[in-house]
Amino acid sequence: MRVAAIDLGTNTCLCLIAEVTGPTDKRELKVVYDVSRVVRFRERVHEQQEFIPGALSRAEIALDEFEQV
């Protein structure tokens, strides 16, 4: 079974995908994908009081990439 964790931070989007194997009492994880993409969500947030379109676009591109794995 594959499991994933995604962290959307103020500067980066992180994605970790692992394959879980073994019986319940001896689970093993094998990392199959571990990547960080700079999206700069905080870019001009204090000035604009909202996310700018460029930051949202960068995040969407990163999430689309993660989806392809």
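Charged neighbours of Asp7, selected by a Cβ distance under 14 Å, balance to 0 (K, R count +1; D, E count -1). Computed with a 1.4 Å probe on the full set of protein chains, the accessible area for Ile6 sits at about 90 Å². Computed with every protein chain present, the accessible area of Asp7 is close to 80 Å² [probe 1.4 Å]. Can you check what the net charge comes to around Leu56, using other residues whose Cβ is under 11 Å from the Cβ of Leu56 (Lys, Arg +1; Asp, Glu -1)? Counting the neighbours of Leu56, the net charge comes to -1. Among the protein heavy atoms of the chain, carbon and sulfur supply 53% of the accessible surface, probe 1.4 Å, non-protein parts ignored. With the charge dipole of the chain set up from +1 on Lys and Arg Cβ and -1 on Asp and Glu Cβ about the Cα centre, the Cα lying farthest toward the positive end among the listed residues Leu16, Ala62, His46 is that of Leu16.
Could you tell me the convex hull volume per residue, in Å³, taken over the Cα atoms of the stretch 14-69?
Numbers: hull volume 5.4 nm³, N = 56.
Hull volume over Cα atoms, normalised by residue count, gives 96 Å³.
When only Cα pairs below 8 angstrom with a gap of at least 6 residues are kept, the chain shows a relative contact order of 25 percent.
Helix 53-67 and the longest principal axis of the C-alpha atoms of the chain enclose an angle of approximately 10°. Accessible area of Val31 (1.4 Å probe, protein heavy atoms only, ligands and nucleic acids ignored): about 90 Å².
The values are calculated or read from the model by the stated rules, or taken from the named source; none is laboratory data. Keep in mind that this is a model prediction, so the values were computed, not measured. Cβ atoms come from the backbone with ideal geometry, glycine included; neighbour counts cover every protein chain shown. Heads up: the accessible areas ignore ligands, DNA and RNA and are worked out on the full protein's heavy atoms, side chains in. Shrake-Rupley method; radii C 1.70, N 1.55, O 1.52, S 1.80 Å.
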